[in-house]
Amino acid sequence: MSGTTNPTDPLQNAAQKAIIDAVIKQYAKLPGATMVVLNTLQEKIGYLTKPMQEYIAKSLGVPISKIHGVVSFYSFFTTEPRGKHLVKFCIGTACYVGGAPQLIDKAKQVLGIEPGQTTPDGLVTLEVCRCVGACSAAPVIVIDEVNHGRMQPQRFANVIKDVIQVEAPV
Ligand code: FES
(Lines give C-alpha, C1' and ligand atoms only; values in the text may rest on other atoms or scores of the structure.)
Protein backbone atom coordinates (compact mmCIF):
# COMPACT_ATOMS: atom_id res chain seq x y z
CA MET A 1 0.00 0.00 0.00
CA SER A 2 1.25 3.42 -0.84
CA GLY A 3 0.51 5.12 2.46
CA THR A 4 2.63 2.90 4.69
CA THR A 5 5.59 4.47 6.43
CA ASN A 6 8.82 2.68 5.94
CA PRO A 7 11.79 3.92 7.96
CA THR A 8 14.14 2.81 5.20
CA ASP A 9 12.29 4.75 2.53
CA PRO A 10 14.50 7.55 1.20
CA LEU A 11 11.59 9.96 1.50
CA GLN A 12 11.72 9.50 5.29
CA ASN A 13 15.40 10.38 5.40
CA ALA A 14 16.09 14.12 5.39
CA ALA A 15 19.38 13.89 3.49
CA GLN A 16 18.01 11.60 0.82
CA LYS A 17 14.79 13.57 0.54
CA ALA A 18 16.90 16.68 -0.12
CA ILE A 19 18.67 14.83 -2.96
CA ILE A 20 15.35 13.71 -4.43
CA ASP A 21 13.95 17.25 -4.31
CA ALA A 22 17.10 18.75 -5.81
CA VAL A 23 17.12 16.28 -8.71
CA ILE A 24 13.43 16.84 -9.44
CA LYS A 25 13.93 20.60 -9.32
CA GLN A 26 16.99 20.44 -11.57
CA TYR A 27 15.36 18.42 -14.34
CA ALA A 28 11.61 19.07 -14.03
CA LYS A 29 11.51 21.46 -16.97
CA LEU A 30 13.53 19.31 -19.35
CA PRO A 31 11.79 17.46 -22.14
CA GLY A 32 11.96 13.79 -21.15
CA ALA A 33 12.36 14.77 -17.50
CA THR A 34 10.84 11.50 -16.26
CA MET A 35 13.63 9.31 -17.58
CA VAL A 36 16.37 11.71 -16.52
CA VAL A 37 14.99 12.05 -12.99
CA LEU A 38 14.51 8.28 -12.59
CA ASN A 39 17.98 7.56 -13.93
CA THR A 40 19.66 10.14 -11.74
CA LEU A 41 17.85 8.99 -8.61
CA GLN A 42 18.57 5.33 -9.31
CA GLU A 43 22.22 6.34 -9.51
CA LYS A 44 22.29 8.65 -6.49
CA ILE A 45 19.94 6.78 -4.12
CA GLY A 46 20.44 3.28 -5.52
CA TYR A 47 16.77 2.30 -5.87
CA LEU A 48 13.29 3.71 -6.47
CA THR A 49 10.68 2.67 -3.90
CA LYS A 50 6.96 2.80 -4.66
CA PRO A 51 6.48 5.92 -2.46
CA MET A 52 9.39 7.56 -4.31
CA GLN A 53 7.79 6.74 -7.64
CA GLU A 54 4.52 8.27 -6.46
CA TYR A 55 6.33 11.35 -5.21
CA ILE A 56 8.18 11.76 -8.51
CA ALA A 57 4.95 11.32 -10.48
CA LYS A 58 3.22 13.99 -8.43
CA SER A 59 6.17 16.38 -8.57
CA LEU A 60 6.58 16.06 -12.34
CA GLY A 61 2.83 16.01 -12.99
CA VAL A 62 2.95 12.70 -14.87
CA PRO A 63 0.68 9.71 -14.31
CA ILE A 64 1.99 7.18 -11.79
CA SER A 65 1.29 4.44 -14.36
CA LYS A 66 3.93 6.00 -16.61
CA ILE A 67 6.55 5.93 -13.84
CA HIS A 68 5.68 2.34 -12.84
CA GLY A 69 5.83 1.36 -16.51
CA VAL A 70 9.32 2.79 -17.02
CA VAL A 71 10.69 1.39 -13.75
CA SER A 72 9.39 -2.11 -14.39
CA PHE A 73 10.46 -2.14 -18.06
CA TYR A 74 14.15 -1.36 -17.61
CA SER A 75 16.07 -3.86 -15.52
CA PHE A 76 18.61 -1.32 -14.31
CA PHE A 77 15.90 0.28 -12.17
CA THR A 78 15.32 -1.42 -8.83
CA THR A 79 12.67 -0.82 -6.20
CA GLU A 80 14.76 -2.16 -3.33
CA PRO A 81 18.36 -1.54 -2.33
CA ARG A 82 20.71 -4.01 -3.96
CA GLY A 83 23.23 -5.93 -1.92
CA LYS A 84 26.87 -5.01 -1.79
CA HIS A 85 27.60 -7.59 -4.51
CA LEU A 86 25.40 -8.16 -7.52
CA VAL A 87 25.37 -11.62 -9.05
CA LYS A 88 23.54 -11.92 -12.36
CA PHE A 89 22.74 -15.15 -14.17
CA CYS A 90 22.60 -14.83 -17.91
CA ILE A 91 19.49 -16.60 -19.10
CA GLY A 92 20.01 -15.96 -22.79
CA THR A 93 19.53 -19.06 -24.92
CA ALA A 94 23.12 -20.32 -24.91
CA CYS A 95 23.45 -19.92 -21.14
CA TYR A 96 20.01 -21.29 -20.43
CA VAL A 97 20.69 -24.40 -22.48
CA GLY A 98 24.22 -24.54 -21.07
CA GLY A 99 23.08 -24.83 -17.47
CA ALA A 100 21.86 -21.48 -16.07
CA PRO A 101 18.88 -23.16 -14.31
CA GLN A 102 21.26 -25.50 -12.45
CA LEU A 103 23.39 -22.52 -11.41
CA ILE A 104 20.32 -20.73 -10.13
CA ASP A 105 19.33 -23.83 -8.15
CA LYS A 106 22.78 -23.94 -6.63
CA ALA A 107 22.58 -20.27 -5.73
CA LYS A 108 19.26 -20.83 -3.98
CA GLN A 109 20.79 -23.70 -2.07
CA VAL A 110 23.93 -21.81 -1.05
CA LEU A 111 22.42 -18.41 -0.32
CA GLY A 112 18.82 -19.30 0.50
CA ILE A 113 17.42 -16.60 -1.79
CA GLU A 114 15.83 -16.44 -5.23
CA PRO A 115 16.77 -14.17 -8.14
CA GLY A 116 15.36 -10.74 -7.38
CA GLN A 117 16.23 -11.07 -3.68
CA THR A 118 19.07 -9.94 -1.43
CA THR A 119 20.62 -11.92 1.41
CA PRO A 120 19.44 -10.67 4.83
CA ASP A 121 22.97 -9.40 5.60
CA GLY A 122 22.78 -7.16 2.52
CA LEU A 123 25.83 -8.78 0.98
CA VAL A 124 24.56 -10.42 -2.19
CA THR A 125 21.72 -9.72 -4.59
CA LEU A 126 20.78 -12.26 -7.24
CA GLU A 127 19.33 -11.24 -10.57
CA VAL A 128 18.84 -12.75 -13.99
CA CYS A 129 19.82 -10.92 -17.15
CA ARG A 130 19.70 -11.29 -20.90
CA CYS A 131 22.60 -12.30 -23.10
CA VAL A 132 25.75 -10.47 -22.07
CA GLY A 133 27.47 -11.18 -25.37
CA ALA A 134 29.78 -13.93 -24.17
CA CYS A 135 27.79 -16.91 -25.46
CA SER A 136 30.88 -18.91 -26.39
CA ALA A 137 31.67 -19.08 -22.65
CA ALA A 138 28.15 -20.15 -21.64
CA PRO A 139 26.89 -20.48 -19.02
CA VAL A 140 27.95 -17.05 -17.84
CA ILE A 141 27.37 -15.29 -14.56
CA VAL A 142 28.28 -11.67 -13.91
CA ILE A 143 29.59 -10.74 -10.49
CA ASP A 144 29.88 -7.00 -9.93
CA GLU A 145 30.12 -6.37 -13.68
CA VAL A 146 32.78 -9.06 -14.27
CA ASN A 147 31.85 -12.01 -16.47
CA HIS A 148 32.63 -15.51 -15.25
CA GLY A 149 32.20 -18.03 -18.03
CA ARG A 150 31.83 -21.82 -18.23
CA MET A 151 30.41 -21.73 -14.75
CA GLN A 152 29.44 -24.96 -13.08
CA PRO A 153 27.33 -25.37 -9.97
CA GLN A 154 30.17 -26.51 -7.71
CA ARG A 155 32.52 -23.82 -8.98
CA PHE A 156 29.77 -21.28 -8.51
CA ALA A 157 29.41 -22.35 -4.87
CA ASN A 158 33.15 -21.79 -4.35
CA VAL A 159 33.18 -18.45 -6.15
CA ILE A 160 30.29 -17.15 -4.10
CA LYS A 161 31.85 -18.40 -0.86
CA ASP A 162 35.00 -16.46 -1.78
CA VAL A 163 32.96 -13.31 -2.33
CA ILE A 164 31.30 -13.72 1.06
CA GLN A 165 34.52 -14.60 2.86
CA VAL A 166 36.26 -11.46 1.66
CA GLU A 167 33.59 -9.56 3.58
CA ALA A 168 33.77 -11.62 6.75
CA PRO A 169 35.17 -9.78 9.77
CA VAL A 170 38.70 -10.95 10.61
S1 FES B 1 23.35 -16.24 -23.82
FE2 FES B 1 24.57 -15.89 -22.08
S3 FES B 1 26.20 -14.74 -22.87
FE4 FES B 1 24.90 -15.00 -24.57
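The values are calculated or read from the model by the stated rules, or taken from the named source; none is laboratory data. Since this is a predicted model, take the numbers as computed values, not measurements. As a convention, Cβ positions derive from the backbone with ideal geometry for all residues, glycine included, and neighbour counts pool all protein chains shown.
Could you list all residues from segment 11-55 that are part of a loop (DSSP other than H, G, I, E, B) and of a type outside the set (D, E, K, R)? 13, 28, 30, 31, 32, 46, 47, 48, 49 - these are the residues of segment 11-55 that are part of a loop (DSSP other than H, G, I, E, B) and of a type outside the set (D, E, K, R).
For segment 30-48, the condition of being modelled with pLDDT of 95 or more, over 30 Å from residue 135 (Cβ atoms) and among the hydroxyl-bearing types (Ser, Thr, Tyr) holds for at least one residue.
Would you check if residue 29 is in contact with a helix residue (DSSP H, G or I) (Cβ under 8 Å, 6 or more places away or on another chain) and surrounded by fewer than 17 Cβ atoms within 10 Å (Cβ to Cβ)? If you could, list the steps in order and put the result at the bottom.
Working: in contact with a helix residue (DSSP H, G or I) (Cβ under 8 Å, 6 or more places away or on another chain): no; surrounded by fewer than 17 Cβ atoms within 10 Å (Cβ to Cβ): yes.
No.
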